[in-house]
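J.: The structure that follows is given in the form of structure tokens.
The values are calculated or read from the model by the stated rules, or taken from the named source; none is laboratory data. The shown structure was predicted, so the numbers you read here are calculated from the model rather than taken from an experiment. Heads up, the Cβs are rebuilt from the backbone with ideal geometry, glycines too, and the neighbour counts pull from every protein chain shown.
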Amino acid sequence: MNTLTQFLGAASFGTLVYFYITNNIFRYYTKHAIFALSATLCASVYIPLMLWRPKNYKNALLPAWSLKMVGRFLGIRFSVSGKENIIENSACVVLINHQSIVDLLVLAELWPILGNCTVISKKEIFYMWPFGLACWLWGTIYIDRLSGEKAKLTINKTAKTIRSKQAKLCMFPEGTRHGGENLLPFKKGAFHVAVSCQCPLQPIVVSQYYFLDSKKHIFDKGIINVNILPKISTIGLKKEDVDSLIIDTYNTMNTQYKNITQKTLENIQHSIKKK
């Protein structure tokens, strides 16, 4: 019986490995499952340590390191440029283009580099324990996604929070996942927070995930290039200036997004030719 069990186990494992190597659909969903489960585990396993200093951004450093190890296991590498542009000793709103769940790896990479980071999340996430509790413990700002007057109060409260803590609020201005040739139009929320706070914007552009395609079910190994751009000041701007601020910021980030993506693909092709 033991021999038969071992044989069946080995055969099953071999079958899984075979499908993982040869079938891109199987590999796509397997990698996504591994990533999602690992992200939850990485966030949750350190909760006992986080309890000693609740709502501190440093609580996310160990989960970030662990998640980066998961990324490497899945074959994802990073190259970060523009570190000299990082805003120091000031609150700011960090703008990052939004592509997929893999963006969690981008946050994990940037968290220790930027320092004193926080994020905004809808209130419902808090109740998704243990992940929601872990997010709260590293300082996530939970809000109700409302409109009208309550939205203005939320913006003002968020601005006050990051200003008092000199925090770096990481936001995805596109508002939804997208990995096309151009960035999606930006939502106004992040810009209203920055103007209300009178703090600078820190644009960060992430190259297109050429190794990831949901339509073709592709999730391969790949390199992600991240470029930290110079700050954009909001001093003296008012809510009437938000629209023009969005246009200027979008043009800057979209141009860089196309450039960094093109260079990434050129480097990949160059590496292939060398082999």
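J.: Out of all the residues in region 187-206, which are in a helix (DSSP H, G or I) and either of a type in the set (Lys, Arg) or without any contact (Cβ under 8 Å) to a residue 40 or more places away in the chain (or both)? So that I can check it myself, show each step before the final result.
T.: Step one: filter region 187-206 for residues in a helix (DSSP H, G or I), giving 189-197.
Correct list: Gly189 only.
J.: Would you call Leu4 of a type in the set (A, V, I, L, M), modelled with pLDDT under 90, out of contact with any Gly (no Cβ under 8 Å at 6 or more places or on another chain) and farther than 30 Å from Ile246 by Cα?
T.: Here the answer is yes, as Leu4 does meet what is asked.
J.: Okay, next question. Test Asn225 against the stated conditions and say whether it is surrounded by fewer than 17 Cβ atoms within 10 Å (Cβ to Cβ), among the polar types (S, T, N, Q), within 30 Å of Arg72 (Cα to Cα) and touching a Lys or Arg at 6+ places or on another chain (Cβ under 8 Å). Please lay out each step first, then the result.
T.: Values: surrounded by fewer than 17 Cβ atoms within 10 Å (Cβ to Cβ): no; among the polar types (S, T, N, Q): yes; within 30 Å of Arg72 (Cα to Cα): yes; touching a Lys or Arg at 6+ places or on another chain (Cβ under 8 Å): yes.
Here the answer is no, as Asn225 does not meet what is asked.
J.: Another question about this same structure. From the list Ile25, Ile120, exactly one residue is among the aliphatic types (A, V, I, L, M), more than 21 Å from Ile141 (Cα to Cα) and modelled with pLDDT under 95. Which is it? I'd like the intermediate steps shown before the answer.
T.: On the way: Ile120 fails: more than 21 Å from Ile141 (Cα to Cα).
Being among the aliphatic types (A, V, I, L, M), more than 21 Å from Ile141 (Cα to Cα) and modelled with pLDDT under 95 holds for just one of Ile25, Ile120, which is Ile25.
J.: Here's a follow-up. For region 213-257: of the residues being assigned to a strand (DSSP E or B) and either without any contact (Cβ under 8 Å) to a residue 40 or more places away in the chain or in contact with a Pro (Cβ under 7 Å, 6 or more places away or on another chain) (or both), which is nearest to Asn85 (Cα to Cα)?
T.: Taking region 213-257 and keeping what is assigned to a strand (DSSP E or B), we get 213, 218-219, 222-228, 232.
Then drop every residue that is not either without any contact (Cβ under 8 Å) to a residue 40 or more places away in the chain or in contact with a Pro (Cβ under 7 Å, 6 or more places away or on another chain) (or both), which leaves 213, 232.
Working: Asp213: 31, Ile232: 11 Å.
Within region 213-257, the match that is nearest to Asn85 (Cα to Cα) is Ile232.
J.: Another question about this same structure. Please specify each residue of region 181-230 satisfying the condition of being more than 21 Å from Ile113 (Cβ to Cβ) and aromatic (Phe, Trp, Tyr).
T.: Hits for region 181-230 are Phe186, Phe191, Tyr210, Phe211, Phe219.
J.: Further, regarding this structure: Could you tell me whether any residue of region 124-143 is under 17 Å from Gly189 (Cβ atoms) and in contact with an Asp or Glu (Cβ under 8 Å, 6 or more places away or on another chain)?
T.: Step one: filter region 124-143 for residues under 17 Å from Gly189 (Cβ atoms), giving 125, 140-143.
Still in the list and also in contact with an Asp or Glu (Cβ under 8 Å, 6 or more places away or on another chain): none.
No, there is no match, as no residue in region 124-143 is under 17 Å from Gly189 (Cβ atoms) and in contact with an Asp or Glu (Cβ under 8 Å, 6 or more places away or on another chain).
J.: Continuing with the same structure: May I ask you to list the residues in region 12-35 that are in a helix (DSSP H, G or I) and of a type in the set (S, T, N, Q)? Please lay out each step first, then the result.
T.: Taking region 12-35 and keeping what is in a helix (DSSP H, G or I), we get 12-22, 24-35.
Matches in region 12-35: Ser12, Thr15, Thr22, Asn24, Thr30.
J.: Now a separate question. For region 122-138, give me the residue count where each residue is surrounded by 15 or more Cβ atoms within 10 Å (Cβ to Cβ) and touching a Gly at 6+ places or on another chain (Cβ under 9 Å).
T.: Taking region 122-138 and keeping what is surrounded by 15 or more Cβ atoms within 10 Å (Cβ to Cβ), we get 126, 131-138.
The next check asks that each one be touching a Gly at 6+ places or on another chain (Cβ under 9 Å); those that pass are 126.
Within region 122-138, residues that are surrounded by 15 or more Cβ atoms within 10 Å (Cβ to Cβ) and touching a Gly at 6+ places or on another chain (Cβ under 9 Å) number 1.
J.: Please state which of the following conditions Gly71 fails to meet, knowing it meets all the rest: (1) part of a helix (DSSP H, G or I); (2) closer than 25 Å to Ala159 by Cα.
T.: Result: Gly71 passes all but (2).
J.: Can you name every residue in region 113-146 that is within 18 Å of the chain's Cα centre (by Cα) and farther than 19 Å from Val45 by Cα?
T.: Ile113, Leu114, Gly115, Asn116, Cys117, Thr118, Val119, Ile120, Ser121, Lys122, Ile141, Tyr142 - these are the residues of region 113-146 that are within 18 Å of the chain's Cα centre (by Cα) and farther than 19 Å from Val45 by Cα.
J.: Working only within region 36-68, note down all residues that are on the phi < 0 side of the Ramachandran plot, in a loop (DSSP other than H, G, I, E, B) and either exposed (fewer than 14 other Cβ atoms within 10 Å of the Cβ) or not aromatic (Phe, Trp, Tyr) (or both).
T.: Filtering region 36-68 for residues on the phi < 0 side of the Ramachandran plot gives 36-54, 56-68.
If we keep only those that are in a loop (DSSP other than H, G, I, E, B) too, we end up with 45-46, 51-54, 56.
Residues satisfying the conditions are Val45, Leu51, Trp52, Arg53, Pro54, Asn56.
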